[in-house]
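As structure tokens, the structure follows; a few thoughts come after it.
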Amino acid sequence: MSYVDEVLERVKTKNASEPEFLQAVDEVLESLRPVIEANEEKYRKEALLERLTEPDRQFKFRVPWVDDKGQVQVNTGYRVQFNNSIGPYKGGLRLHPSVNIGIIKFLGFEQIFKNSLTGLPIGGGKGGSDFDPKGKSDREVMAFCQSFMTELCKYIGADVDVPAGDIGTGAREIGYMFGQYKRIRGMYEGVLTGKGLSYGGSLARTEATGYGLLYMTEELLKCHGTDIAGKTIAVSGAGNVAIYAIQKAQQLGGKPVTCSDSTGWIYDPEGIDVALLKEVKEVKRARLTEYAAARPSAQYHEGRGVWSVKCDVALPCATQNELDIEDAKQLVANGCMAVCEGANMPTTEEATKYLQDNKVLFVPGKAANAGGVATSALEMSQNSERLSWTFEEVDAKLKGIMVNIYHNIDDAAKRYGQEGNYVAGANIAGFEKVADAMLAQGVC
């Protein structure tokens, strides 16, 4: 049995109740086969893959807090510190009812390679809780965040583990967590990213994941002889990533015509009105029905259906496994030429293979949405230097990072005879740097 198969079998036996984590490990290791086979004896002796697929440590803790009615509520908090061979653990905190240890492990494992691809010195980690901030008052969110950080603060630090935002964790939540960390530890340090501009945040961080996704898409299309200008773009999601992906797509001359939330989706043939979308989602925190009510050209549909719209480019920006095989078939039938992932693993393995087999350009999230964590690392640099860079400086660095990622994953795929397979290219390029660092540091 090959080394890859041995490790996959061991991981599946050990983590049988964690489907998202198993999916991520399977996808990565399968695409790394040519690299592993070329170095099999060395990697097996050093148990490199066993060490790579087993987190350095995992924390699970109780988070009690008091709601506005005086009732004590209890949630579960998690932090998985996966791999710090190239820098401090770095990865967001997800607040969503679906959060469990398997999802956090999948996200942390993906983060290792994503962070490596940025070229910046950051390792992989992830955390969060099954707390749902939707419908909660500011005071309730603060009570939860303070309780969550009271436990989490024991395990993090500016040179140890630097969490950030993710689904459900925006500027409000980061602010409450940062205040509690400072209060307990008595230290003012860059322990969280995604902070407000008045206390160490970075300009362009809010826009970074969405903007970075479009810089990647722009470079991908350019290197395949076409341009994003004039392209019809389907986008899923209506959160931070989707909003700023839509905004940047319009700035680059593209025409985004869809977005979605947990209850339904919008098709706006005239192009999404970004100002209205921001008002509905960022100011009012309302449903997309309000967008449709205020915009005569928009059509609102319940449930799923974003990928049924005819488009040139698809940008899944919502959540894991949202684009399935039937969606992939619709995209191919409608002539879609490129799919770039704005969310983490939003495309199922089956759908990914179908898209690739049908010559759709496909860039996975660990490469396409790395702009967010890259800008978080730039925020860490500014904190360390006690400096603030201009929006233009950060945006220029972000664009340079995303363009470099595209060429690195393209080159890695070509080196192993898989030209155009950007899933393999991303995994290989991310893995090589981490593997070299792990081997150089001995058994640890």
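Quick look at the values:
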{"read-out": "Check on Ala234, aliphatic (A, V, I, L, M), outside any loop (DSSP other than H, G, I, E, B) and crowded, with 16+ Cβ neighbours inside 10 Å", "value": "yes"}
{"read-out": "Qualifying residue in region 406-421 (condition: crowded, with 24+ Cβ neighbours inside 10 Å and out of contact with any helix residue (DSSP H, G or I) (no Cβ under 8 Å at 6 or more places or on another chain))", "value": "no"}
{"read-out": "Complete set of residues in region 199-236 that are out of contact with any helix residue (DSSP H, G or I) (no Cβ under 8 Å at 6 or more places or on another chain) and in contact (Cβ under 8 Å) with a residue 40 or more places away in the chain", "value": "Leu221, His224, Thr226, Thr232"}
{"read-out": "Sole residue being farther than 26 Å from Leu29 by Cβ and in contact with a helix residue (DSSP H, G or I) (Cβ under 6 Å, 6 or more places away or on another chain), chosen from Leu323, Leu398, Leu387, Leu355", "value": "Leu398"}
{"read-out": "Restricting region 250-280 to residues that are outside any helix (DSSP H, G or I) and of a type in the set (Asp, Glu), the residue that is farthest from the chain's Cα centre (by Cα)", "value": "Glu270"}
{"read-out": "Failed criterion for Arg386 (all others in (1) over 22 Å from the mean Cα position of the chain (by Cα); (2) at positive phi; (3) in the same structural domain as Pro256 (by TED's automatic domain parsing) hold)", "value": "(3)"}
{"read-out": "From Ser116, Ser129, Ser198, residue being closer than 25 Å to Ala429 by Cβ and outside the structural domain of Ser262 (by TED's automatic domain parsing)", "value": "Ser116"}
{"read-out": "So Phe21, is it in contact (Cβ under 8 Å) with a residue 60 or more places away in the chain, crowded, with 20+ Cβ neighbours inside 10 Å and either more than 18 Å from the chain's Cα centre (by Cα) or not assigned by TED's automatic domain parsing to the domain that holds Val141 (or both)", "value": "yes"}
{"read-out": "Selection within region 159-176 - surrounded by fewer than 17 Cβ atoms within 10 Å (Cβ to Cβ) and out of contact with any helix residue (DSSP H, G or I) (no Cβ under 7 Å at 6 or more places or on another chain)", "value": "Asp159, Val160, Ala171"}
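One line per residue, one yes/no per condition, for (1) touching an Asp or Glu at 6+ places or on another chain (Cβ under 9 Å); (2) at pLDDT 95 or above; (3) more than 16 Å from Val191 (Cβ to Cβ):
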site	(1), (2), (3)
Leu95	yes, yes, yes
Ile101	yes, yes, yes
Phe106	yes, no, yes
Phe109	no, yes, yes
Phe113	no, yes, yes
Ser116	yes, yes, yes
Gly124	yes, yes, yes
Gly127	yes, yes, no
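The values are calculated or read from the model by the stated rules, or taken from the named source; none is laboratory data. Small disclaimer: the values here were computed from a predicted structure and weren't measured. Methodologically, a virtual Cβ is constructed for each residue, glycine included, from the backbone with ideal geometry; neighbour enumeration extends over all protein chains shown.
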